[in-house]
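The values are calculated or read from the model by the stated rules, or taken from the named source; none is laboratory data. Fair warning: this is a prediction, and the values are worked out from it, not measured in the lab. Cβ atoms come from the backbone with ideal geometry, glycine included; neighbour counts cover every protein chain shown.
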Amino acid sequence: MKRELYTITTLSNLHVGSGDINFDVIDNQVQRDAITTLPTIHSSSLKGAFREAFREGQATSYIFGPDNGDNDSHQTGAFHFFEASLLSRPVRSNKKPYFSATSVGVITSFLELLEDFEIAFDETIKGELLKLSKENVTDGKPLIFENLNGVILEDFETATSSLDVSALTEFLGENIALFSDEDFKALDLPVLARNYLVNGESKNLWYEEVVPKKSKFYFVIAKPTNLDNADKKEKLEKFEKQFDAMKTVQFGGNKSIGYGYSKVEKVSV
């Protein structure tokens, strides 16, 4: 299997629901990684979104597995979709509209994934990420990499670093801020009030957690390599061409109100 790396950049607020019953103030919570507790998109949700997107073109059961009632030898689909992990997310600031926040642990986990899955990735960006992961971040004082004084991110005062992170802006987002792992996990997600109306009358008010637009995730797709030339052209190359032609993919619920629209890009080389 060949493993390819992709990024997701949210163009609108994202709600991929956990489906868990809870008795918290927040009625609908997003999916979270069982270990890190950071927002994630589970493999099944990811695969389902791509299957739906491909239905608008020429999706094949070879890639995703058959629909109910189909007869296909690849019952689970030949492509393996791994869950999407959070790479960065915007946080509010008193000096700029937002900073793109990440953490040492997030960067370290990403670099470990490149090694574990033997993914070919831009060596310059990899080297700059390694430097970033070595920065000394203390709890309560995230680092920024600009000559700005008095910057507050959410409720955190900041410290400054002289490290040049300009090569990482396209990958991580604008105005990079590096948090400690504990502080990054503790950052709250936006919670939006939703209202169910019947004939203009409010019948039910509930609260929904969202991952904000301009957040970035990364994920892996494992693709078969033992194909003859005909299958490679028909199945693998057709997927790549159709995938590259997609402008956006919609993940999660609330499509009708514009949630979940995202840009997906292959970043492995």
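For Val30, indicate whether it is among the aliphatic types (A, V, I, L, M), modelled with pLDDT of 85 or more and out of contact with any His (no Cβ under 8 Å at 6 or more places or on another chain). First the steps, then the outcome.
Values: among the aliphatic types (A, V, I, L, M): yes; modelled with pLDDT of 85 or more: yes; out of contact with any His (no Cβ under 8 Å at 6 or more places or on another chain): no.
No: the conditions fail for Val30.
Within the range 218-269, which residues are of a type in the set (S, T, N, Q) and either surrounded by 15 or more Cβ atoms within 10 Å (Cβ to Cβ) or over 17 Å from the mean Cα position of the chain (by Cα) (or both)?
Taking the range 218-269 as the starting set, the residues that turn out to be of a type in the set (S, T, N, Q) are 225-226, 229, 242, 248, 250, 254, 256, 262, 268.
Answer for the range 218-269, where residues must be of a type in the set (S, T, N, Q) and either surrounded by 15 or more Cβ atoms within 10 Å (Cβ to Cβ) or over 17 Å from the mean Cα position of the chain (by Cα) (or both): Thr225, Asn226, Asn229, Gln242, Gln250, Asn254, Ser256, Ser262, Ser268.
If the requirement is being acidic (Asp, Glu), under 22 Å from Lys131 (Cα atoms) and in contact (Cβ under 8 Å) with a residue 40 or more places away in the chain, which of these qualifies: Glu170, Glu182? Lay out the reasoning, then the answer.
Details: Glu170 fails: in contact (Cβ under 8 Å) with a residue 40 or more places away in the chain.
Unique residue meeting the criteria: Glu182.
What are the residue pairs meeting all of these: first residue in the range 49-72, first residue surrounded by fewer than 16 Cβ atoms within 10 Å (Cβ to Cβ), second residue modelled with pLDDT of 75 or more and of a type in the set (A, V, I, L, M, F, W, C), Cβ atoms under 8 Å, and 6 or more apart or on different chains?
Gly57/Ala245
Could you check the range 219-269 and list, in sequence order, the residues that are among the hydroxyl-bearing types (Ser, Thr, Tyr), within 18 Å of Gly17 (Cα to Cα) and assigned to a strand (DSSP E or B)? Please lay out each step first, then the result.
Pass one, the range 219-269, residues among the hydroxyl-bearing types (Ser, Thr, Tyr): 225, 248, 256, 259, 261-262, 268.
With within 18 Å of Gly17 (Cα to Cα) added as a condition, the list becomes 256, 259, 261-262.
Matches in the range 219-269: Tyr261, Ser262.
Looking at the range 101-124, can you tell me whether even one residue there is in contact with a Gly (Cβ under 7 Å, 6 or more places away or on another chain) and either more than 18 Å from Leu86 (Cβ to Cβ) or polar (S, T, N, Q) (or both)? Give the steps one after another, and end with the answer.
Going through the range 101-124, the residues in contact with a Gly (Cβ under 7 Å, 6 or more places away or on another chain) turn out to be none.
Looking through the range 101-124, none of the residues is in contact with a Gly (Cβ under 7 Å, 6 or more places away or on another chain) and either more than 18 Å from Leu86 (Cβ to Cβ) or polar (S, T, N, Q) (or both).
Six or more apart or on different chains, Cβ atoms under 6 Å: show the pairs whose first residue is in the range 143-160 and over 17 Å from Tyr98 (Cβ atoms) and whose second is among the charged types (D, E, K, R) and modelled with pLDDT of 95 or more.
Note: pairs meeting the criteria are Ala159/Lys141.
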